[in-house]
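A short reminder: the numbers here are calculations on the coordinates, not readings from a lab. Everything numeric here is computed off the predicted structure, so don't read it as measured data. As a convention, Cβ positions derive from the backbone with ideal geometry for all residues, glycine included, and neighbour counts pool all protein chains shown.
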Amino acid sequence: MDVTDAVAELTGLHGAFAFPERLLQQIWLRGEFDTTALRLRDGRRLRLIKRGRWNRLAGPDFMDAEFVIEPKGGAAAETVRGDVEVHLRAQDWDMHGHARDPAYAKVRLHVVLFPAPRKFTDGVAGAQIPILELLPLLEKDIEAYAEEAAVEGIAGRPFSQLRSALAEVSVDKLAEAVAYHAELRWRAKVRLAQRRIELSGWEAACHQAALEVLGYRPNRDPMLAVAEAFPIGLWRKAGLSLVDEAWSTQAENWRHAGVRPANLPRLRLAQYGRWVAARPDWPERLLGLGAALKERMSVTVRRTAVREWIVSEVCDGELAGTRFDTWWCDAALPLLAATLVSNGDGQADERTGLQSCWQGWIIGDAPAELVRLAREFGVGTGSRTVGGTLRQGDLQGLLGWLATLAKS
């Protein structure tokens, strides 16, 4: 890991944005790329066994990785063990002088974001290190990653920029502005869900998204690593006996500072184990909600009754409260909508219904300061003097607005 974090300044659909090297490290850690299509710059196929242990101190970014290189021409595959270095560009290795640093002598793979002008990187003592480009393999476009990171990076900090922006918008224009940013957030979530399904299939996509949500913001990265290393089939067979093993594989990456005792990762892994034990087919149950969900979301049925039904039907009560609401809105609804995206206009009404459900749902877990700002400026009420209930669409609109300000 380098002392200074390199940053790429880029231009996207919504203006300029920054993409730091640390974000690329997190993408590698989470495995948010197509692992079935890995090919080195020299044309050889790569199969990952272990992406390595994230090193946040001096030295290579990931240590003790393991992968298989399959040569062209049918030759025997080679199992390689060593370290992985991650850079935005291949030439960053040269700029940092890693080839002259013995700490990088065990680097066996050079991962870069942008296309590399060469097939190998010159390592310590003349070693030839193969290069892997991640850009064409990513689950979503890099601007979406940067926006998500911007939201996470400002969580817990003063929201002075957003307060100033809200103060400049008249009450009659506020709802329109919030709805605009909420629409962008919804589309981004559905695109990510669709990409996950394309790469991993429905069941694995559900499994990954559920563990990501149970990690909360501090531990979503190691939770995603657990999801890849321990697919849902293993949880069905091993149940709660898998918790300690799953936790230990990320022992050095879990964050405990600022995490409430009830949300500690070992406890949340145990919660997921109970969920799978009670509803081993929960991804299929989620997919099968279909017409029943549409009917129950009608105006004649209380939303709380719909919530209780889903908690029971899909989660058997193991996932409830605000974390259920967060999972439902951040994972489940986008996944359901993603299954309809490729089916054309024939299911436009169903897609619209899922988005409406998302917009009007309970907010779930949310930064307290963001909720205070929403109430201060009457978001969702049409008035700055009359209180009301904050909904998911309002929260997501403010988060999207916040991310836009953070990038500017």
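Lysines within cross-link reach of K294: Cα-Cα under 21 Å, excluding same-chain residues under 8 positions apart?
K189
For n ≥ 4 DSSP H runs only, could you compute -39500 (n - 2.57) per run for the chain, divide by its residues and tell me the 222 nm figure to the nearest 500? Numbers along the way, then the final one.
Working: 18 runs with 199 residues, N = 408.
That comes out to -15000 deg cm²/dmol.
Just for the stretch 7-137, what percent of DSSP beta bridges are antiparallel, to the closest 5?
75
Please report the relative contact order for the stretch 7-137, taking Cα pairs under 8 Å with a sequence separation of at least 6, and give it as a percent rounded to a whole number.
Relative contact order for the stretch 7-137 comes out at 21 percent.
Just one of (i) 148; (ii) 261; (iii) 160 is volume of the Cα convex hull per residue in Å³ calculated from these coordinates, so which is it?
Structure-derived value, by its label: (iii).
Can you give me the relative contact order of the chain as a percent, contacts being Cα pairs under 8 Å and 6 or more apart?
Rounded, it is 15 percent for the chain.
Enumerate the lysines that K72 could reach by cross-link, defined here as Cα to Cα under 23 Å, with residues fewer than 8 away along the same chain left out.
K50, K119
Quick one: net charge around L224, please, counting Lys, Arg +1 and Asp, Glu -1 for every other residue with C-beta under 9 Å from its C-beta.
Values: positive: R30, R220; negative: E32, E212, D221, E228.
Neighbour charge sum, excluding L224 itself: -2.
Note down the nm distance, to one decimal, between modelled labels 7 Å out along Cα→Cβ at S248 and at A320.
3.3
Which length gain, in nm to one decimal place, applies between A167 and I49 when the Cα-Cα distance is subtracted from 0.36 nm times their residue separation?
Taking 0.36 nm per residue and subtracting the Cα distance, the gain is 37.3 nm.
Could you compute the FRET efficiency for L267 and R217, with r as their C-beta to C-beta distance and R0 at 25 Å, rounded to 0.05?
Here the calculated transfer efficiency is 0.95.
With a point put 7 Å past each Cα toward its Cβ, work out how far A179 is from A127 in nm, to one decimal.
Using points 7 Å along Cα→Cβ, the separation is 5.8 nm.
Arrange the following residues from fewest to most other Cβ atoms within 10 Å of their Cβ: M63, M223. Numbers along the way, then the final one.
Numbers: M63 16, M223 26.
Exposure proxy ranking, most exposed first: M63, M223.
Suppose R0 equals 56 Å. What FRET efficiency, 1/(1 + (r/R0)^6) with r the Cβ-Cβ distance, do D349 and H256 give to the nearest 0.05? If you can, show how the numbers build up before the last one.
Values: r = 46 Å, r/R0 = 0.82.
The value I calculate is 0.75.
For an R0 of 25 angstrom, estimate the FRET efficiency from the Cβ-Cβ distance between V68 and R236 and round to the nearest 0.05.
0.40
Quick check on the chain: of the DSSP beta bridges with both residues there, what percent are antiparallel, nearest 5%?
75
If a paramagnetic tag sat 7 Å from the Cα of L57 along the Cα-Cβ line, which residues of the stretch 86-128 would have the backbone N under 19 Å from that point?
86, 101-107
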